[in-house]
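For reference, the structure discussed in these notes is given below.
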Amino acid sequence: MPEAGDALLARCTALARLLREAGVPVGTSRVAAAAEALSQVGIERREDAWWALAATLLSRRDQLEVFEQAFHLTWDAAARGDGPAAMGIPATAEAAGRVAEAHARLCAGEPPEALPLARTMRERHFHASVMERLGSRDFAAMSLEELAQVREALAGFELVLPEVAKRRTVPAARGTRPDLRRTLRAAARSGGEVVRWVKRAPRLRRPLLVLLCDISGSMSRYTRVLLQFAHALVNDQPRVHAFVFGTRLTDITRDLRRRDVDAALERVGRSAPDWSGGTRIAAALEAFNRLWSRRVLGGGAMVLLITDGLEREPGADLAAHVQRLQRSCRRLVWLNPLLRFEGFEPRAAGVRAILPHVDEFLPVHNLHSLAALARALASHGFQNTRSPRSKTPWT
């Protein structure tokens, strides 16, 4: 007799919680799809349930080892207790340890980690302790020992960007658009009769991420930590471009590709001689729009502009360059460490010029702000079509 829908959903939710705690991103839509798939295939045969859940809950092949262990703990424990290698997936020590520790934490009722998606369970515990002690501390007020702990925490940082629909389409079984060429080609093989309509759907692809980081003197207390954050993103995501600017714009993407963060930042220091110098935001954005915009923003990229907005050239046409940058990308997110002050007001001319042309205005001064940014990027909050920006309290 088939199991009731509520019971299936509860079992899928338990498996999804364990997968999320073990570092596998599983959203609510995937849980609903898993429950629907189980209602169709049933749970009488373990193999059918395994494949239905793996096809709906996972997005990458390297997640199968963790999924096998989680399936054994949650599903087999409630059924007949088949061995964890019943599907032929080898149980590595790392996968077994991640799932076992995640299961122990869920049974103990511990809260989830603040920094998302760490690579190993040991790093997850380390990140939790760092977030508890240093999460709300300003980077500018940290000691050298505390900054070293922050660097270790950022070294294990991972980010999963959701896929967005592109204008190009691909053949799909459940597409929304008819593929007339393939349909007529198939009809020609059946005597001219249209037996089946071939469908197409928009291609899904993760958006490109572009970082523009200010390394001028006014940002010197945050520059190194933010470049460590950029190093983690560049080495974790395949489609990330990073630039720094003080008095001029410098592409540092290739420099940050080095695995060792100290060696990467040393190469960045040699490539960007204007480190801790003056600030020419307008000139840097003008150079980016003129030389790099068509190269890196063609696929609907998201841009993270990291600067305090303190422009040193009062006559520069900063607003026009920011407006052009916003029109060239999917979303323009401004990260400003000055937002750490509760009474912040846009009094500087550069801040007033940039603010009307950004889609999001967020602080970036401690680990909590970086974790909030990561959660926002990992969700669909920054992927939506741009809407008219609501007025800020300062306008």
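The values are calculated or read from the model by the stated rules, or taken from the named source; none is laboratory data. A quick note: this is a predicted structure, and the numbers were derived from the prediction, not measured. Here Cβ is always computed from backbone atoms with ideal geometry, including for glycine, and neighbour counts include all displayed protein chains. Surface areas here come from the heavy atoms of the whole protein model, side chains and all, with no ligands, DNA or RNA. Shrake-Rupley method; radii C 1.70, N 1.55, O 1.52, S 1.80 Å.
Being open to solvent by 60 Å² or more (accessible area, probe 1.4 Å), part of a helix (DSSP H, G or I), without any contact (Cβ under 8 Å) to a residue 60 or more places away in the chain and of a type in the set (Lys, Arg), is that true of even one residue in the stretch 269-280? Within the stretch 269-280, one or more residues are open to solvent by 60 Å² or more (accessible area, probe 1.4 Å), part of a helix (DSSP H, G or I), without any contact (Cβ under 8 Å) to a residue 60 or more places away in the chain and of a type in the set (Lys, Arg).
Under the condition of being touching a Phe, Trp or Tyr at 6+ places or on another chain (Cβ under 7 Å) and either at pLDDT below 80 or crowded, with 18+ Cβ neighbours inside 10 Å (or both), the residues counted in the stretch 120-151 number 1.
Every residue, every condition in (1) under 19 Å from the mean Cα position of the chain (by Cα); (2) open to solvent by 10 Å² or more (accessible area, probe 1.4 Å); (3) closer than 23 Å to Met142 by Cβ; (4) modelled with pLDDT of 90 or more, yes or no:
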| site | (1), (2), (3), (4) |
| --- | --- |
| Ile215 | no, no, yes, yes |
| Met219 | no, no, yes, yes |
| Phe243 | yes, no, no, yes |
| Arg258 | no, yes, no, no |
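Of the set (1) closer than 30 Å to Arg30 by Cβ; (2) open to solvent by 10 Å² or more (accessible area, probe 1.4 Å); (3) outside any strand (DSSP E or B); (4) β-branched (Val, Ile, Thr), all apply to Thr169 but (3). Taken as a whole, the structure places Arg221 among residues that are basic (Lys, Arg), over 30 Å from Lys166 (Cα atoms) and touching a Pro at 6+ places or on another chain (Cβ under 9 Å). The condition (being open to solvent by less than 20 Å² (accessible area, probe 1.4 Å), of a type in the set (Ser, Thr, Tyr), at negative phi and at pLDDT 85 or above) is satisfied by just one residue among Thr223, Thr247: Thr223.
Evaluating Arg203 against the criteria (1) open to solvent by 60 Å² or more (accessible area, probe 1.4 Å); (2) in a loop (DSSP other than H, G, I, E, B); (3) modelled with pLDDT under 85; (4) not hydroxyl-bearing (Ser, Thr, Tyr) leaves one unmet condition, (2). For the stretch 346-395, residues that are outside any helix (DSSP H, G or I), at pLDDT below 85 and over 20 Å from Leu212 (Cβ atoms) total 14.
Might you check whether a residue that is assigned to a helix (DSSP H, G or I) and farther than 30 Å from Leu161 by Cβ occurs anywhere in the stretch 51-65? Looking through the stretch 51-65, none of the residues is assigned to a helix (DSSP H, G or I) and farther than 30 Å from Leu161 by Cβ.
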